[in-house]
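J.: Dropping a structure here in structure tokens format, bear with me for questions.
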Amino acid sequence: MTPTATAPLAILHEVFGYAAFRDAQADIVDHVVAGGDALVLMPTGGGKSLCYQVPAIARHRAGRGVAVVVSPLIALMHDQVGALEEAGVHAAFLNSTLTLDDAQRIEREMMGGRLVLLYAAPERVTTPRFLAQLDSLHERGLLSLFAIDEAHCVSQWGHDFREDYLALNVLHERYADVPRIALTATADDLTRADIIERLQLQDARVFISSFDRPNIRYAIVEKDNARAQLLRFIHDEHEGEAGIVYCQSRKKVEETADWLKSEGVAALPYHAGLDADLRRRHQDRFLREDGIVMVATIAFGMGIDKPDVRFVAHLDLPKNIESYYQETGRAGRDGQPADAWMAYGLADVVNQRRMIDESPAGEEFKRGQRGKLDALLALAEAHDCRRVRLLDYFGEPSQPCGNCDNCLNPPATWDATESARKALSCIYRFHQNGGQRFGAGHLIDVLRGKATDKVAQFHHERLSTFGIGADVSEVQWRAVLRQLIALGHLRTEGEYNTLELTASAREVLRGDVAMLLRQASDAPKRKKAARVERSKDKAPPVKLDDDGLERFAALKAWRAEVAREHNLPAYVVFHDATLAEMARSQPESLDALAAISGVGTKKLEAYGREILRVLEAGPT
Ligand code: ADP
Ligand code: ZN
């Protein structure tokens, strides 16, 4: 293999040490190497980076100079570039964290056309100074490619809109002959059309991969005691593993992190209100240490490419399915089993609805947001396959997956049509009876015929609806109300979330709306068998005997040292899967080592002998 191969497949072998392109990667790479524009929609973990890195290397080796990668988060550029340099690709980033000296050195590398890839944030790329530098490269034929990562940031429909992305259309206007590849993991039809229009990608070929992430197991549980449920989930399924817990507010992030810590979980908080320095330290620890649980608002996660995040948990309802999919997609990028777990309840529905109602946005925008929330609520309340619904939302037909909570433990359902009528007529009686409004708690007390102080105060024991729902449990009543709010037959008002009928409540009262609800199970524990199966998942990606496990551990210890020396996350040096394969096959020569997936030429040169030595030393 010549180190200057220009064929994409040869580059894949030589630089990345991988045997073959995945799915659409080969077509995308060929298209871009040949100078075409591309819009790539691929789920997280699908392998988007190679789609621009391989063309950048190929075009650089063909004398076409520097590829500019537009990436929204400067905090992550260091590791992205570190991973490329580890693989022997000359790459750099320009951002505000550099010293003047370093920035000048990198600019010289760039202007000399020696860099293969240069990472920069959109606000830098579109400055007059940087554009002047690009002009100069372009005039000399040394501007090889633009890659626009996280391209959905250009769309207001997306969930991470960034003003700075809008200015990126200048790249097309100024350098029409330079190929551009835009990549994203989220884009419904609306967002997709928006990206094409705003980035002027009308002539780009669109590559859409399947959005399925088969290794992620989806589960949505009813909130009972969310903290306890979360802790049980972590203890039972992910002891000592890395994960992300999403909460809506900063306060809740801090409280949850503190509490998890007090329960012995290695948890760290992350939200936009924390000091930037602390935020960076926490992110670094999450990336570099094993088994950290990051408790975060959605400020955390975009661009995080840690491959071994074993679970993503939601303690609050995300805004819509796009956000849910994006956030849960951060689990299991390495293709190994991972969990997407969410606890949700009545208060979530109420909060999300209210946030939309009270937002200053226009009516049309709000209507769009409500529609998206409804789709998410339908997913949460579903009693059939979660994955089928998720994929359907992204326009992809599929069959029940066998790897979500509903497929694994099909929930019982119950006919709640009559109960829904009772709830609404009880609220109607409140109105008649002095025009007072009440919240869900009191309503349920009245329906269940509980003699509370409040019932006595308002003489609600005299209502004809008092006690008519004693046969339905409180949990079930909450599910009924949640469903009624989700469907828009009820809404909540004011500080106390009092309940009020909407115009469409009449249809329910008439019995025109059938409601089939999932039966809330009182013991939401997983079956024992499932747990045993999961604990096997924690083993390395290939089967190892006891000696193999020791070799694996020795290799990991060696890797940790290298990673520390290079100030990079361990997975940048080698993935777990690569180390496990080394431990299993025990290569005895550099050639045999080179055949293992993930071992490219540069890493072989840099580490090959040491690895052979670690393997030879055997279990200690
Ligand atoms: P994305 O950016 O789409 O989320 P990445 O580019 O981070 O995904 O790729 C996910 C993981 O898959 C990475 O660890 C990457 O090294 C690996 N990967 C990508 N393409 C291939 C391939 N053709 N063969 C083997 N591994 C691959
Ligand atoms: Zn399923």
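J.: So if I check each of ARG353, ARG367, which one is surrounded by 15 or more Cβ atoms within 10 Å (Cβ to Cβ) and away from ligand 1 (no atom under 16 Å from the Cβ)?
T.: Sole residue among the options that is surrounded by 15 or more Cβ atoms within 10 Å (Cβ to Cβ) and away from ligand 1 (no atom under 16 Å from the Cβ): ARG353.
J.: Given the conditions (1) hydrophobic (A, V, I, L, M, F, W, C); (2) farther than 26 Å from VAL54 by Cα; (3) surrounded by fewer than 20 Cβ atoms within 10 Å (Cβ to Cβ); (4) under 19 Å from the mean Cα position of the chain (by Cα), which single one is not true for VAL245?
T.: Going through (1) hydrophobic (A, V, I, L, M, F, W, C); (2) farther than 26 Å from VAL54 by Cα; (3) surrounded by fewer than 20 Cβ atoms within 10 Å (Cβ to Cβ); (4) under 19 Å from the mean Cα position of the chain (by Cα) one by one, VAL245 breaks only (3).
J.: From the list ASP308, ASP316, pick out the single residue that is among the charged types (D, E, K, R), in a loop (DSSP other than H, G, I, E, B), farther than 25 Å from PHE161 by Cα and away from ligand 2 (no atom under 16 Å from the Cβ).
T.: ASP308
J.: If the requirement is being under 21 Å from PRO179 (Cα atoms) and at pLDDT 95 or above, which of these qualifies: CYS153, CYS51?
T.: Residue meeting the stated conditions: CYS51.
J.: What do you reckon, is ALA219 assigned to a strand (DSSP E or B), of a type in the set (Gly, Ala, Ser) and within 21 Å of the chain's Cα centre (by Cα)?
T.: yes
J.: Report yes if ARG108 is outside the structural domain of ARG288 (by TED's automatic domain parsing), surrounded by fewer than 19 Cβ atoms within 10 Å (Cβ to Cβ) and not acidic (Asp, Glu), otherwise no.
T.: yes
J.: Right, here's the next one. Determine, yes or no, whether ALA75 is assigned to a helix (DSSP H, G or I), hydrophobic (A, V, I, L, M, F, W, C) and either in contact (Cβ under 8 Å) with a residue 40 or more places away in the chain or within 12 Å of ligand 1 (Cβ to nearest atom) (or both).
T.: The answer is yes for ALA75.
J.: Name the helices (runs of 4 or more DSSP H) wholly within the range 543-594 that hold at least 1 residues that are touching a residue at least 12 places away in the same chain (Cβ under 8 Å) and closer than 15 Å to ASP290 by Cβ?
T.: The helices (runs of 4 or more DSSP H) meeting that bar are 546-566, 570-573, 576-585.
J.: Let me ask something additional. Tell me, please, whether a residue that is within 27 Å of ASP236 (Cα to Cα) and either in a helix (DSSP H, G or I) or outside the structural domain of GLU237 (by TED's automatic domain parsing) (or both) can be found in the range 351-372.
T.: No: the range 351-372 contains no residue that is within 27 Å of ASP236 (Cα to Cα) and either in a helix (DSSP H, G or I) or outside the structural domain of GLU237 (by TED's automatic domain parsing) (or both).
J.: Give GLY45, GLY82, GLY63, GLY88 a once-over and let me know the one that is of a type outside the set (Lys, Arg), on the phi > 0 side of the Ramachandran plot and part of a helix (DSSP H, G or I).
T.: Result: GLY63 is the single residue among GLY45, GLY82, GLY63, GLY88 that is of a type outside the set (Lys, Arg), on the phi > 0 side of the Ramachandran plot and part of a helix (DSSP H, G or I).
J.: Any residue in the range 45-55 that is in contact with a Lys or Arg (Cβ under 6 Å, 6 or more places away or on another chain) and either in contact (Cβ under 8 Å) with a residue 60 or more places away in the chain or crowded, with 22+ Cβ neighbours inside 10 Å (or both)?
T.: yes
J.: Picking from VAL29, VAL40, which residue would you name as being within 11 Å of ligand 1 (Cβ to nearest atom), modelled with pLDDT of 95 or more and in a strand (DSSP E or B)?
T.: VAL40
J.: Taking the range 49-64, which residues are more than 10 Å from ligand 1 (Cβ to nearest atom) and under 26 Å from GLN202 (Cβ atoms)?
T.: PRO55, ALA56, ALA58, ARG59, ARG64
Here's the yes/no breakdown for (1) surrounded by fewer than 22 Cβ atoms within 10 Å (Cβ to Cβ); (2) within 30 Å of ALA219 (Cα to Cα):
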| position | (1), (2) |
| --- | --- |
| LYS422 | yes, no |
| PHE430 | no, no |
| GLY449 | yes, no |
| THR465 | yes, no |
| ILE468 | yes, no |
| ARG478 | yes, yes |
| LEU499 | no, yes |
| ARG510 | yes, no |
| VAL513 | yes, yes |
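J.: Quick one: count up the residues across the range 111-124 that are more than 26 Å from the chain's Cα centre (by Cα) and either buried (at least 19 other Cβ atoms within 10 Å of the Cβ) or touching a residue at least 60 places away in the same chain (Cβ under 8 Å) (or both).
T.: 2
J.: Still on this model: Does the range 340-363 contain at least one residue that is in contact with a Phe, Trp or Tyr (Cβ under 8 Å, 6 or more places away or on another chain) and among the charged types (D, E, K, R)?
T.: Looking for residues that are in contact with a Phe, Trp or Tyr (Cβ under 8 Å, 6 or more places away or on another chain) and among the charged types (D, E, K, R), one finds none in the range 340-363, hence no.
J.: Please work out which residue is farthest from the chain's Cα centre (by Cα), limiting yourself to the range 318-375 and to residues that are within 22 Å of LEU287 (Cβ to Cβ) and of a type in the set (D, E, K, R).
T.: By that ranking, first place goes to ASP334.
J.: Among all residue pairs at least 6 apart or on different chains, which show Cβ distances below 8 Å where the first residue, located in the range 239-252, is at positive phi and not assigned by TED's automatic domain parsing to the domain that holds ALA340 and the second is surrounded by fewer than 19 Cβ atoms within 10 Å (Cβ to Cβ) and of a type in the set (Asp, Glu)?
T.: none
J.: Name the residues in the range 377-403 that are near ligand 2 (Cβ under 10 Å from one of its atoms) and closer than 26 Å to VAL350 by Cβ, would you?
T.: ALA382, ASP384, ARG386, ARG389, LEU390
J.: A further question follows. How many residues are polar (S, T, N, Q) and within 23 Å of GLN200 (Cα to Cα) when one looks only at the range 1-48?
T.: 1
J.: Which residue, of PHE130, PHE146, PHE161, is within 29 Å of TYR325 (Cα to Cα), of a type in the set (Phe, Trp, Tyr) and not in a strand (DSSP E or B)?
T.: Going through PHE130, PHE146, PHE161 in turn, just one is within 29 Å of TYR325 (Cα to Cα), of a type in the set (Phe, Trp, Tyr) and not in a strand (DSSP E or B): PHE161.
J.: Contact list please: Cβ distance under 8 Å, first residue in the range 81-101 and over 18 Å from VAL70 (Cβ atoms), second residue part of a loop (DSSP other than H, G, I, E, B) and modelled with pLDDT under 95, pairs at least six apart or on different chains.
T.: The qualifying pairs are GLY82/ASN567; GLY82/LEU568; GLU86/LEU568.
The values are calculated or read from the model by the stated rules, or taken from the named source; none is laboratory data. Computed from a prediction, not measured in an experiment: that's the story for all the values here. Note that we place each Cβ from the backbone using ideal geometry, even for glycine, and neighbour counts take in every protein chain shown.
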